[in-house]
Amino acid sequence: MTPETTVFLLSLALGMVHFMIGAITYALQIGVTTALGSRDNLPERDNLLGVRGERANHNFKETLPWALGLLVLVQAVGVTNEMTALGAWMYFWGRVFYLPIYVLGLPLVRSFAYFSALIGLGLMASQLL
């Protein structure tokens, strides 16, 4: 399996982690019975970690299509090399670290993790030119 394929699959798994952070923290806030019910008239989130987790999830979903597209494209075009592998891993690890950093509220470090992931996307895209 190529590094790009591995990162593709791991990014999908990471997406589930992102999703579950928000879902679990909200279920804990409103109670499991309410979460399993019709979910009408639900209260706003008031758990700070859950709110941050949900925002991190939204942010992740904004970059995921770009990452998955590039991961597929570099393989389809046949330009996988050390640079695309490095870019793929930079994206993945940047996003892995982004989640806890965001939830903990560390702004400067959060930006570093975010831009590391974007640079990874740029490295992959640069090999397509």
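Every number in this text was worked out from the coordinates using simple rules, so none of it is lab data. What you see is a predicted model; the values in this text were computed from it and never measured. Cβ: placed from backbone, ideal geometry, glycine included. Neighbour counts: every protein chain shown.
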Between Rg and the Kirkwood Rh of segment 8-100, both from Cα atoms, what is the Rg to Rh ratio? 1.13
Picking from TYR26, TYR114, TYR98, which is most flexible by a Gaussian network model of the chain using Cα springs under 10 Å? TYR26
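So how much slack lies between ASP40 and ILE24, counting 0.36 nm per residue of separation and subtracting their Cα-Cα distance, in nm? Mind dumping the intermediate values first?
Numbers: separation 16, 0.36 × 16 = 5.76 nm, distance 1.79 nm.
Extending this stretch completely gives an extra 4.0 nm.
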How do TYR102, TYR91 line up, fewest other C-beta atoms within 10 Å first? TYR102, TYR91
For HIS58 and TRP93, FRET efficiency with R0 = 22 Å and r from the beta-carbon atoms, rounded to 0.05? 0.65
